[in-house]
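Input: a single structure, listed below in structure tokens.
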Amino acid sequence: MGLEATLVPRIVEAMDKKPRIPVIWLHGLECTCCSESFIRSSHPVAQDVVLNMISLDYDDTLQAAAGFQVEEIRKRIMKEYAGEYLLAVEGNAPTRDGGVYCTVGGDTFLNILVETAEKAKAVVAWGSCASNGCVQAARPNPTGAKPVKDLIPHRAVINVPGCPPIAEVMTGVLTYILTFGTLPELDRQGRPKMFYGQRIHDKCYRRPFFDAGQFVEAWDDEGARKGWCLYKMGCRGPSTYNSCSTFKWNNGVSFPIGSGHGCIGCSEENFWDNGPFYQRLSNVVVPGIESTPDQIGKTLTVLAGAGVAAHFGSYMVRRGINAAKKEKPVPSAPEKEGGDQ
């Protein structure tokens, strides 16, 4: 979580002694990949999160209850723990035609979301569907799907984007809220800076190849077999903020770029419309990006030579000015009338 080591005892104490946070976990338009990612967390394991950190009182994907019984549970939590429960939202809500394209228990998901968010302590939008709309909100967006932040603009929303988000990022956000009782610091898109403060490109192990101008030009070419940079194949790493290259997936085993596939930028807004995925981004300008290492070396040599020439020219100008000052005669004082006295 980007915290100092001295805070570890505080986190341990919170997990051991603090009351569990009541959680209502809603599901709208989504594929449940966020839940699938969450249950695979390894630091901490999802079992510890559910049994020691949160009280998962409502989750229509995992709960045993069904029908009117479970809706009564949601309303009871909202009443008994007003201002204390955490609302976790997976998926977004359609808004066209009154939101009829997603209903739960006879009510629209749009109504359920707005109602449940009203008295929540905090709202967490899991995944890109809830955070930025994802594929449901992509053009032409026939159902009018909108992310959570657009549906409850009067509430602060923690966006945890990704398709799905990294498991340890999800559990890390919950750990932070439990430990400190407040929201983590967010960026301008509402994402926790501790997990979305750097671009994937900044920590990517293929970055040296990018800097050297060595790129995969076609799938399974020599560059691909050597692990060169995937920028020309459409990798969005230079414009995507996430922790994939740091945390990786499946207990730190790998991540898409490590498996030979470029980043598709799923933690950024409108990423579905920022395609096609396998074409190089046109809005990322990097000097010399089409150059070979030899060309880059020649360019640097020319630039260095130009710098030396400029410095030498400046030196000669200064030298000429100083010489002119030395050669210029100093005017003598005018004589006074009447001669010397």
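Could you work out the relative contact order of the stretch 5-196, using alpha carbon pairs under 8 angstrom and six or more residues apart, expressed as a whole percent?
Dividing the mean separation by the residue count of the stretch 5-196 yields 25 percent.
With Rg and the Kirkwood Rh both taken from Cα atoms, where does Rg over Rh land for the stretch 1-86?
Here the Rg-to-Rh quotient is 1.02.
Figure the gain on full extension for D211 and D273 (residue separation times 0.36 nm, minus the Cα-Cα span) and round it to one decimal in nm.
Contour length minus the Cα-Cα distance gives 19.5 nm.
GluC sites (Glu not before Pro), restricted to the stretch 110-196: which are DSSP loop and have at most 16 other Cβ atoms within 10 Å?
Of the GluC sites (Glu not before Pro), the ones in loops of the stretch 110-196 whose Cβ has at most 16 other Cβ atoms within 10 Å are E118, E185.
Over the stretch 5-196, what is the percentage of antiparallel beta bridges among all DSSP beta bridges, to the nearest 5?
That works out to approximately 25 percent antiparallel.
Modelled label-to-label distance, A64 and L281, 7 Å Cα→beta-carbon offset: nm?
About 4.8 nm, to one decimal.
If you take the square roots of the eigenvalues of the alpha-carbon gyration tensor of the stretch 179-255 and sort them as a ≥ b ≥ c, do you get rounded (a/c under 1.5), prolate (a/b over b/c) or oblate?
prolate
Percent of Cα-Cα pairs per 10 Å bin, from 0 to the last occupied bin, for the stretch 114-178, please list those.
21, 46, 29, 4
Within the stretch 178-256, list the trypsin sites (Lys or Arg not before Pro) lying in a DSSP loop whose Cβ has at most 11 other Cβ atoms in a 10 Å radius.
Those satisfying the criteria are R188, K226.
Nearest 0.05, what FRET efficiency do E4 and I39 give at R0 = 35 Å with Cβ-Cβ as r?
Computed FRET efficiency for E4 and I39 comes out at 0.75.
Under a plain spin-label model, where a point goes 7 Å from the Cα along Cα-to-Cβ, how far apart in nm are T32 and T182?
Here the modelled spin labels are 3.8 nm apart.
Could you grab the relative contact order for the stretch 100-204? Cα pairs under 8 Å, six or more apart, rounded to a whole percent.
The value is 22 percent.
Please compute, over every Cα-Cα pair in the stretch 5-196, the percentage with a separation greater than 27 angstrom.
23
Holding the Cα-Cα limit at 18 Å, pick out from K149/K203; K149/K248; K203/K248 the pairs that are longer than that.
Pairs exceeding the cut-off: K149/K203; K149/K248.
Go ahead and run the numbers for FRET between E13 and A138, Cβ-Cβ distance against an R0 of 51 Å, rounding to 0.05.
Efficiency for this residue pair is about 0.70.
Every number in this text was worked out from the coordinates using simple rules, so none of it is lab data. Note that the structure is predicted; figures quoted are calculated from it, not measured. All Cβ positions, glycine included, derive from the backbone under ideal geometry; neighbour counts span all protein chains shown.
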